[in-house]
Amino acid sequence: MRGMNSSCVDLIYLDPPFNSKSNYAAPIGSQAAGAEFKDTWTLRDVAIAWLDLIENKYPALNRVIRAAMTPSDKSYLIYMAIRLLEMQRLLKPTGSIFLHCDPTMSHYLKTLMDAIWGRNCFRNEIVWHYQTGGGSKRWFSKKHDTLLFYTAGENYKFNGASVPRSEKSLERAKNPKGARIKSDNTLKMATDVWTDIPAMNPMSNERVGYPTQKPLDLLRRIIEASSNVGDVVLDPFCGCATACIAAEQLQRSWVGIDISPKAAELVGLRLREQVGLFQQGPHRTDIPQRTDIEPLRKYNHPENKTKLYGEQKGNCNGCKAHFKIQNLTIDHIIPKSKAGTDHLMNLQLLCGRCNSVKGDRGQEYLIARLAA
Ligand SMILES: C[S@@+](CC[C@H](N)C(=O)[O-])C[C@H]1O[C@@H](n2cnc3c(N)ncnc32)[C@H](O)[C@@H]1O
Ligand SMILES: [Zn+2]
């Protein structure tokens with residue numbers, strides 16, 4: 001995502017790991033054999049440094065992350081927050097985003113989304129109900145996922161969706177006294193509860209064996225509802241490319257991203273087999289570079305200093321005391337030695353004393369020292 005230009009995507013669908021504390025692995029012998037991804041979280045997984053960045057630049061987001069009940073939830077939310085911020089940069093002002101999750105983390109993710117997009121950009125919490133999965137005698141069987149639907153602004157595309165009417169309402173329509181609909185009108189507008197799309201079953205033709213593969217019908221519903229032909233769809237956790245295939249079939253452009261090499265292999269295979277793409281021709285393996293920004297200024301550029309001085313209202317970002325601009329120095333929140341960048345987002349102004357206390361360490365060290 002870091003290599004993509006800002007405001008270039010019309011619709012984002014993401015189906016990230018759920019923090020389900022399980023490790024998913026594909027059945028041996030399936031096309032996806034070898035695909036597995038970890039869905040357990042510890043604070044060590046995520047550079048603590050990211051939290052510093054959020055603390056410094058995104059106070060609302062920081063409050064949500066602090067509300068997490070366990071360190072594992074907290075680290076998961078940091079991981080998601082950083083990626084969702086990048087998605088916000090990529091989405092056009094008319095764009096929409098659907099975050100697919102389940103009740104494990106949906107309550108936290110909704111507050112995270114509120115903090116990023118604003119509550120006024122919340123459109124729906126969609127319940128996708130399915131029949132698969134086991135039953136339980138100790139609680140009500142878990143039979144739904146949640147899709148959090150937000151838009152970047154007030155002016156967005158929405159085409160809705162039609163679903164079949166129930167047998168019962170069609171029966172009722174045949175009785176002229178009780179009828180409010182015509183009996184040949186077999187479709188109705190979809191609501192925020194989707195019951196007509198079955199989950200992937202073991203016998204399904206589209207199944208490739210990828211552990212968390214979603215049905216094409218689900219992705220087609222989302223893409224048709226919130227984008228038009230020619231629009232750009234992004235799935236930053238694309239797994240075996242369900243969203244990419246659906247987008248291709250519906251004549252949208254698309255970008256799919258996944259960290260797992262097995263997913264990348266399956267994406268190629270599925271696109272060749274199901275939509276005839278990538279049969280031949282050149283392909284590139286270099287990482288894309290943004291073309292909408294100048295190369296980054298050096299971190300200690302005077303313009304950075306003026307901007308940061310304004311942002312921090314002339315205060316040191318450690319001890320919070322007020323200083324003249326010449327008495328503050330530019331510092332990396334995440335040190336360069338820990339892969340912090342020269343981007344303005346990762347810079348702050350510190351007074352001489354705070355700067356020497358912090359040295360080449362992360363901001364968390366300085367804060368702990370100041371609090372001691
Ligand atoms: C729930 S699955 C997505 C399934 C997909 N919707 C489908 O229909 O196949 C989550 C995916 O996120 C990928 N993933 C996990 N961490 C990631 C990361 N940091 N960046 C990109 N992809 C990641 C996993 O490899 C996995 O394929
Ligand atoms: Zn200071």
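Just the residues that are among the hydrophobic types (A, V, I, L, M, F, W, C) and surrounded by fewer than 12 Cβ atoms within 10 Å (Cβ to Cβ), please, taken from segment 87-142.
Within segment 87-142, Trp139, Phe140 meet the criteria.
Only residues that are closer than 20 Å to Leu90 by Cα and either part of a loop (DSSP other than H, G, I, E, B) or within 16 Å of ligand 1 (Cβ to nearest atom) (or both): list them for segment 249-267, please.
Those that are closer than 20 Å to Leu90 by Cα and either part of a loop (DSSP other than H, G, I, E, B) or within 16 Å of ligand 1 (Cβ to nearest atom) (or both): Arg252, Trp254, Val255, Gly256, Ile257, Asp258, Ile259.
For a quick check of your reading of the model, give me the residue pairs whose first member lies in segment 350-372 and is assigned by TED's automatic domain parsing to the domain that holds Asp52 and at pLDDT 95 or above, whose second is surrounded by fewer than 16 Cβ atoms within 10 Å (Cβ to Cβ) and assigned to a helix (DSSP H, G or I), with beta-carbon atoms closer than 6 Å and at least 6 apart or on different chains.
Taking only residues 6 or more apart or on different chains, not a single pair turns up.
Considering every residue within segment 299-319, establish whether at least one is near ligand 2 (Cβ under 10 Å from one of its atoms) and among the hydrophobic types (A, V, I, L, M, F, W, C).
Looking through segment 299-319, at least one residue is near ligand 2 (Cβ under 10 Å from one of its atoms) and among the hydrophobic types (A, V, I, L, M, F, W, C).
Does Arg270 satisfy the criteria of being outside any loop (DSSP other than H, G, I, E, B), closer than 27 Å to Leu91 by Cβ, touching a Leu at 6+ places or on another chain (Cβ under 8 Å) and basic (Lys, Arg)?
No: the conditions fail for Arg270.
Considering only segment 115-141, state which residues are of a type outside the set (S, T, N, Q) and touching a residue at least 40 places away in the same chain (Cβ under 8 Å).
Ala115, Ile116, Glu125, Ile126, Val127, Trp128, His129, Tyr130, Gly133
Which residue is nearest to ligand 1 (Cβ to nearest atom), if the candidates are limited to segment 318-350 and must be over 12 Å from Asn304 (Cβ atoms) and touching a strand residue (DSSP E or B) at 6+ places or on another chain (Cβ under 6 Å)?
This residue is Gly340.
Report, ordered by the first and then the second residue, all pairs with beta carbons closer than 9 Å, sequence separation of six or more or different chains, a first member in segment 317-331 that is assigned to a loop (DSSP other than H, G, I, E, B), and a second member that is away from ligand 1 (no atom under 16 Å from the Cβ) and charged (D, E, K, R).
Correct list of pairs: Asn317/Asp331; Gly318/Asp331; Gly318/Arg353; Gly318/Lys358; Gly318/Arg369; Cys319/Arg353.
For segment 50-69, give me each residue that is without any contact (Cβ under 8 Å) to a residue 60 or more places away in the chain, part of a helix (DSSP H, G or I) and among the hydrophobic types (A, V, I, L, M, F, W, C).
Those that are without any contact (Cβ under 8 Å) to a residue 60 or more places away in the chain, part of a helix (DSSP H, G or I) and among the hydrophobic types (A, V, I, L, M, F, W, C): Ile54, Ala60, Leu61, Val64, Ile65.
With the condition kept exactly as written, say whether any residue in segment 73-86 is among the small types (Gly, Ala, Ser) and surrounded by 14 or more Cβ atoms within 10 Å (Cβ to Cβ).
Yes, there is a match, as at least one residue in segment 73-86 is among the small types (Gly, Ala, Ser) and surrounded by 14 or more Cβ atoms within 10 Å (Cβ to Cβ).
If you check Lys57 against the conditions, is it modelled with pLDDT under 95 and surrounded by 14 or more Cβ atoms within 10 Å (Cβ to Cβ)?
Spelling it out, Lys57 is indeed modelled with pLDDT under 95 and surrounded by 14 or more Cβ atoms within 10 Å (Cβ to Cβ).
Which one is surrounded by the most Cβ atoms within 10 Å (Cβ to Cβ) among residues in segment 144-162 that are out of contact with any strand residue (DSSP E or B) (no Cβ under 6 Å at 6 or more places or on another chain) and closer than 28 Å to Met200 by Cα?
Checked segment 144-162; the qualifying residue surrounded by the most Cβ atoms within 10 Å (Cβ to Cβ) is Ala161.
The values are calculated or read from the model by the stated rules, or taken from the named source; none is laboratory data. Just so it is clear, the structure is predicted and the values come from calculations on it, not from any experiment. No Cβ is skipped: glycine too gets one built from the backbone with ideal geometry, and neighbour counts run over all protein chains shown.
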